[in-house]
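Q: Here it is, the structure, as structure tokens.
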Amino acid sequence: MTGALAPTVTLRPVPGLARAPVFELHDPETDLVSRRMVTDQIWEPFESELWMACLRDGDVVVDVGANLGYFSLLAACAEIPVGAVHAFEPAAGNVRLLRRNMGLNDAQCVEVHPCALGDTTQSAELHLSDDNLGDHQLYGTECNRKTESVLVVRGDEYLADKISHVDLLKVDTQGTECAVIRGLLPLLQESGARLRILLELTPYSLRRAGHSGRELMETLGTLGLPMAIVDHVDKRVVPSTAEALATWCDNVDATEGDEGFMNIFIGEIPERRMR
């Protein structure tokens, strides 16, 4: 299929959707997410249901590491109308596809920001993956990846004249999650108990980016919100604590070659039932 037109996929049913979003994809032969969506018509099924269950009327949604716009479009097509969706994606190829997908679905509530989030505003080199276009990284790798210059902005400063709080946040940035949270922290602290966060926790990638899982968990712990592990196998959300998750990160860091990861959830688990 290399060189052919990228496919278009209509998402299979997810509870809470008013309409099924349509996604234009990357070439499935060169992109993991697109390949999975062609096969399954969905990405991360349990996380998708959890995300939809979190949405409330008028929510301010922030999607950091939006890629082709999957979680942004879920929010935009929900039965419960959100207030606004801010989608952050630095890679030029992903941004083009992200914008096409928003237009394809008439997702007028989504504002696309072609930049990365961090704890300082600066230019940086994004190291591009050839086989997973959601795995571009803001730190060097052992592989000789191509790079492109991108803008990194501090979240609270950049969003200061756009929003006063965040209701639902997704962060999946291949190791820079700690910098993203630190840059958003004043805004998140203003958000209070309504805030819910879905975040990928990968100690190996955090370490490569100059941070640690413990640092990230201790930073999130200052929000004073409940924490849980997203168990996509048994389809449940398992309560945990910042210290327990930080200890898990320490153990992963102490094991050579361990690149284990998990998705975690911060905030009150939604009462709306998932399948």
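The values are calculated or read from the model by the stated rules, or taken from the named source; none is laboratory data. Computed from a predicted model, the values in this text were never measured in an experiment. Please note: Cβ atoms are built from the backbone with ideal geometry, for glycine as well, and neighbour counts cover all protein chains shown. With ligands, DNA and RNA removed, areas are computed over all heavy atoms of the protein, side chains included. Shrake-Rupley method; radii C 1.70, N 1.55, O 1.52, S 1.80 Å.
Q: Quick one: if the Förster radius is 25 Å, what FRET efficiency do Glu243 and Ala193 give, using the C-beta to C-beta distance and rounding to 0.05?
A: Plugging the Cβ-Cβ distance into 1/(1 + (r/R0)^6) gives 0.75.
Q: Which Cα, out of Ile181, Tyr139, Gly192, lies furthest along the positive dipole direction of region 136-211 (beta carbon charges, K/R +1, D/E -1)?
A: It is Tyr139.
Q: Using DSSP, restrict attention to beta bridges with both residues in the chain and report what percent are antiparallel, rounded to the nearest 5.
A: So the antiparallel bridges in the chain amount to around 55 percent.
Q: I want the antiparallel fraction of DSSP beta bridges within region 3-117, as a percent rounded to 5.
A: Antiparallel bridges make up about 30 percent of those DSSP assigns within region 3-117.
Q: Would you work out the charge dipole size for the chain about its Cα centre, treating the Cβ of every Lys and Arg as +1 and the Cβ of every Asp and Glu as -1, and quote it to the nearest 20 debye?
A: My answer is approximately 680 debye.
Q: Compactness ratio of region 135-223: Cα Rg over 2.2 N^0.38 Å, N = residue count?
A: Dividing the Cα Rg of region 135-223 by 2.2 N^0.38 Å gives 1.15.
Q: Cut-off 20 Å, label point 7 angstrom out along Cα-to-Cβ of Glu157: give me the residues of region 98-116 whose amide nitrogen falls inside.
A: Answer for this model: 113-116.
Q: Would you mind calculating the relative contact order of the chain from Cα pairs under 8 angstrom and at least 6 residues apart, reporting the percent as a whole number?
A: 16 percent
Q: Okay, next question. Taking the structure as given and computing Cα extents along the principal axes in Å, which label from (1) 53, 44, 36; (2) 46, 46, 41; (3) 57, 47, 30 fits?
A: The calculated read-out lines up with (2).
Q: Using each residue's phi in region 78-84, evaluate 6.51 cos²θ - 1.76 cosθ + 1.60 at θ = phi - 60° and report the 3J(HN,Hα) Karplus result to the nearest Hz, with x for Gly and Pro.
A: 6, 4, 8, x, 7, x, 6
Q: Ignoring ligands, DNA and RNA, what percent of the 1.4 Å accessible area of the chain is carbon and sulfur?
A: 50 percent
Q: Compute the signed sum of charges (Lys and Arg +1, Asp and Glu -1) over the other residues within less than 14 Å, Cβ to Cβ, of Val110. Don't jump to the answer; show the numbers that get you there.
A: Numbers: positive: Arg99, Arg100, Lys162, Lys170; negative: Asp59, Asp63, Glu89, Asp106, Glu111.
That sum, taken over residues with Cβ under 14 Å, equals -1.
Q: Taking a probe of 1.4 Å, how large is the accessible area per residue of the chain, in Å²?
A: For the chain, the per-residue accessible area is 44 Å².
Q: Would you mind counting up the charge near Val252? Only other residues with Cβ under 14 Å from its Cβ, with Lys and Arg at +1 and Asp and Glu at -1.
A: -4
Q: Still on this model: Restricting things to Cα coordinates, could you compute the convex hull volume per residue of region 39-138 in Å³?
A: Enclosed volume per residue, from the Cα hull, is 116 Å³.
Q: What span do the alpha-carbon atoms of region 233-275 cover on each of the three principal axes, reported in whole Å from largest to smallest?
A: Extents along the principal axes, in whole Å: 40, 21, 11.
Q: Taking θ = phi - 60°, what integer Hz values does the Karplus form 6.51 cos²θ - 1.76 cosθ + 1.60 yield along region 222-233, in sequence order, with x for Gly and Pro?
A: Coupling constants for region 222-233: 5, 6, x, 9, x, 10, 7, 9, 8, 9, 6, 6 Hz.
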